[in-house]
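Asker: There's a structure below that I have some questions on.
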Amino acid sequence: MKNKKSNREIQRFNQSVIHNFDVSVIMSFYKQHDEFSCILPRNAQYLQRNGIEVIIVMDEPTEQKKMLNLIKQYPFINWKLIVNEREHSSRNRARSLNVGIKHATKKYILQVDPEVEYYTDIILQMRQLLEYYPRHYALASRAYVSSDLEISNKNIDLFPFMFCGNIMVQRRYLEQLNGYDESFLKWGGENDNLRARLNQIGLKKLILPEAKTLHRKKEINLFWRKEEEKRHSNSEFRKMFYPQESLANNSSWGEEFDTTIYNWKNNRYAEELCINYFNDFLQHEIKDSSIFQKKYKKLILCQAYNESEFMSGFLENMDKYFDGIILLDDESTDNTWELASHEKLLLKVKKRRTCFNDLENRNILLNIASFFQSEWFCFMDIDERIDERFDNFNAFENDTTIDVVVYNEVFLWGNEHTYKGGIPYSHKGIRKIARMFRNMGHASINTLKKKLHFMTCPCFKNNIFYSKILLKDYGSLTKSKRVKKYKMYLEEDKYWDLPDYDYLLDLQTELYELNKIELQ
């Protein structure tokens, strides 16, 4: 069959989506805090993922304090909270949804109601499908159930599912239409009208029966659709289902209000949320309060465990290239914590150590990074140095089309002038490693198999730039260091299917001269 993708291609696309969903979830609110607070604990796991922002558009101001307190309990969801400060009676949602579209920053829009529970992972299901069908819009199914009813695989098929909301589509198509039609004043009709206008510009409909949502309501009215129909005239129905033209509104659509009281990109509550996060750690030190409101070009994320030998040299070297450093101490037993002192050290935090879990440590650093306003983040190890001959940050750091930067790395061997050739996954001793990535809000590294030796960038599948930057790794410089590292890897990786570490004990290794490296 033509255009049928292989399993490998499908897996590649799925991984790409998981690493960066690139979705703005828009919810229109009118006095729905209580319903949303009941649903959020169930939906949070789906919203707290890479490249997802959640835009709450409150079409009246009375519940904004309660809503603000609620979303602060979920600091790793990329929230935007926009409030209409004018009180009014309930009305059609088109205007508030358009405000959300105007504030969205992601490629895709998912419009979903606050009371809707994601029974399946609808965000992933819809987003994956649209990866293959770009000129389409996707609809998840919805069933109306009571607020306290327990739903399981045993009774889920008893409920009638329909496709009347929960739409995902590329943002550019909504902008092409000037958003939802703001001439709708009564409740209902804006979703039907939008789908009809998307059809008019050539988009096709994709319905996903397997993507199931539950609209939770205290009282279920099985005849709600017929009652809604009675409220609309024949001319209104024609506008819903057979609009005369695809373009709606004037150029000022979506601009009725724009008071933003919470924004993940410029989080005025970052210090408060970060300190709350540190309550579970052994200790922390923050340079000063201003670090959370400053804007940075690029910050380092690094972890340390008994790195007193390398700490001073690391801080001195990194000072030349980065604007700030965030340090996680893995409960060192030497004086690493005390030596971690530098003007550019923004904060340091010490966690409890049970074993060396690289994945856990890096995700903790990503959690902390989400409280900072930086264009770029970069993972570095304390025993690494940047070679000043190859430090071409200016080749990419201002290019907005790049999301991930790959460095080169060599393992110094025997002395500071030679490096080992037989390193796994290298070309004559030079490895390519993804280390630097653009800030897309809170992110995490997703891997199900490993706690060591994984791709360290949370969005490494797309928009990659291969730089000339060269890292010199001092961690294998001497025989004693190599033997120590070998034993540690064997101990920590004994339950995992990982590469051979015998290269660390290789005495007949081929060495290359560092000063003869040429990088394209």
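The values are calculated or read from the model by the stated rules, or taken from the named source; none is laboratory data. Source: prediction; values computed, not measured. FYI the Cβ positions are ideal-geometry reconstructions off the backbone, even for glycines, and counts take in every protein chain you see. Surface accessibility is based on the protein's heavy atoms, side chains included, excluding ligands, DNA and RNA. Shrake-Rupley method; radii C 1.70, N 1.55, O 1.52, S 1.80 Å.
Asker: Residue-wise, which Karplus ³J(HN,Hα) couplings in Hz belong to the stretch 293-308, taking 6.51 cos²θ - 1.76 cosθ + 1.60, θ = phi - 60°, and x for glycine or proline?
Answerer: Going residue by residue, I get 9, 6, 9, 10, 7, 8, 10, 9, 10, 9, 10, 9, 9, 6, 10, 4 Hz, with x marking Gly and Pro.
Asker: Tell me, what ³J(HN,Hα) does each residue in the stretch 75-86 have, in order and in whole Hz, if you take phi through Karplus 6.51 cos²θ - 1.76 cosθ + 1.60 with θ = phi - 60° and put x for Gly and Pro?
Answerer: Those phi angles translate into x, 9, 9, 7, 8, 10, 10, 10, 10, 8, 7, 9 Hz.
Asker: Let me ask another. Which shape class, rounded, prolate or oblate, goes with the stretch 391-469 when its Cα gyration tensor gives a ≥ b ≥ c as root eigenvalues, a/c under 1.5 marks rounded, and past that a/b bigger than b/c marks prolate?
Answerer: oblate
Asker: Another question, then. Calculate one ³J(HN,Hα) per residue across the stretch 105-122 by plugging θ = phi - 60° into the Karplus curve 6.51 cos²θ - 1.76 cosθ + 1.60, and present them in order as whole Hz with x for glycine and proline.
Answerer: Along the stretch 105-122, the couplings run 10, 9, 5, 10, 10, 10, 9, 8, 7, x, 7, 8, 9, 8, 5, 10, 7, 5 Hz.
Asker: Can you flag which of K66/K351; K298/K468; K66/K265; K31/K107 are past 26 Å Cα-Cα?
Answerer: Checking Cα-Cα distances, K66/K351; K31/K107 exceed 26 Å.
Asker: Quick one: which residues, 5 or more positions from E117 or on another chain, have an amide H under 5 Å from its amide H? H modelled 1.01 Å from N in the peptide plane, none for Pro or chain starts.
Answerer: When sequence neighbours closer than 5 places are left aside, the close amide H contacts are L214, H215, R216.
Asker: Sticking with this structure for a sec: Taking only Cα atoms of the stretch 305-360, what ratio of Rg to Rh do you get with Rh as the Kirkwood inverse-distance radius?
Answerer: Across the stretch 305-360, the Cα-based Rg/Rh ratio is 0.97.
Asker: Could I ask something else about it? Got a number for carbon plus sulfur as a percent of the chain's accessible area, 1.4 Å probe?
Answerer: 47 percent
Asker: Over the chain, what is the relative contact order in whole percent, taking alpha-carbon pairs under 8 Å and six or more residues apart?
Answerer: Once normalised by length, the contact order is 14 percent.
Asker: Arrange the peptides 177-190, 330-343 so that the one whose residues have, on average, the most other Cβ atoms within 10 Å appears first.
Answerer: 177-190, 330-343
Asker: Then there is this: Need the full-extension length gain, T333 to E175, defined as separation in residues times 0.36 nm minus the C-alpha distance. One decimal, nm.
Answerer: Stretched out fully, the T333 to E175 stretch lengthens by 51.2 nm.
Asker: Let me ask something else about it. What accessible area per residue comes out for the chain, rounded to a whole number of Å², with a 1.4 Å probe?
Answerer: About 48 Å² of surface per residue is accessible.
Asker: Quick check on the chain: what does the Kirkwood estimate of hydrodynamic radius come out to from the alpha carbon pairs, in Å?
Answerer: Kirkwood hydrodynamic radius for the chain: 25.7 Å.
Asker: Please list the non-local residues whose amide H lies under 5 Å from the amide H of G188, H modeled 1.01 Å from N, same-chain partners needing a gap of 5 or more.
Answerer: Distant-sequence amide H within range of G188: R93.
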